[in-house]
Amino acid sequence: MCAPFASPEIVNYRPRLMVHRPMRSSFATTPARSRNMRAITSTNNRSTERKIRAHLAQLGIRGWRIRFSELPGCPDFVFPAARVVLFTDGCFWHCCPRCGHVPKTNTGYWKRKLLRNKRRDRAVNRELTLRGFKVLRFWECAVKRNPEQCLRRVIRSLRSRSS
Ligand SMILES: [Zn+2]
C-alpha cells in the first residue's frame, strides 16, 4: 500500500503503468496506437533499468531496491541508507527536451497529457524532497548515450549523503 501523500495527484501516480482511460467523446488516439506506445515505453524502460542494474552490480553498489511502490512516484531505484531515489524517465512520456515530441495527430490531447505528466513529476520531486530524499532523474536517452556519466552522478550522490 502507498503511504499517505500530500497531493492526491501523487497518490494516483502510476508512472510505469500509464493506464489510458478511454475518451468519453471523441477518440483521441486509437487503442492500437496506445497499446503500441505503451509496449515501446515499457520495453525501453526495462532495458534502461537493466543497464543501470548491471552497472550498479559491476561497481559493487548494493542495498538498493527497484520499483519501490511505497514512495511517491514509485521510484525505479531507491537507496534507503543514503535516502537517494532514482527515476529513469522515458523521453516521450516525460517530455525530454532533447528528443521528446508531441504527436502530430490529436495534438491537443497529447499536449494536455504530457503536461500532466510533467506536473506530476514535479509534484513527486517536491514530495520526495520534503521527505528528505535526494531525487535523481535520468533521461532514457542519457542512460543509453552515456551510462557511465549517469552512474557517476549516482555515486557522487551516495557518497555525499553517507558522509
Ligand atoms: Zn531524450
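FYI, it's all coordinate maths here, none of it is from the lab. For clarity, every value in this text was computed on a predicted model and none was experimentally measured. Cβ sites come from the backbone with ideal geometry, for glycine too, and all protein chains shown count toward neighbours.
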Can you list the lysines whose alpha carbon sits under 27 Å from that of Lys104, skipping same-chain ones fewer than 8 residues off? Lys113, Lys118, Lys144
Of Trp64, Ser42, Val78, farthest towards positive along the dipole that unit charges on Lys, Arg, Asp, Glu beta carbons give the stretch 32-89: Ser42
Phi-based couplings in Hz for the stretch 141-152 (Karplus 6.51, -1.76, 1.60; Gly and Pro marked x): 5, 6, 5, 5, 5, 8, x, 4, 5, 4, 5, 4
Around Leu128: net Lys/Arg minus Asp/Glu count, Cβ-Cβ under 13 Å: +3
At what distance in nm do the modelled label points of Ser47 and Lys111 sit from each other, each positioned 7 Å from its Cα along Cα→Cβ? 3.2
List the residues whose amide H sits under 5 Å from the amide H of Leu136, counting only those 5 or more places along or on another chain, with H placed 1.01 Å from N in the peptide plane. Val85, Leu86, Phe87
Under 20 Å from the 7 Å Cα→Cβ point of Phe68, by amide nitrogen: which residues of the stretch 111-138? 121-138
Which log10 I(q)/I(0) values does the stretch 46-162 give at q = 0.12, 0.14, 0.20, 0.22 Å⁻¹ under the Debye formula, counting every alpha carbon as one identical point scatterer? -0.45, -0.60, -1.13, -1.30
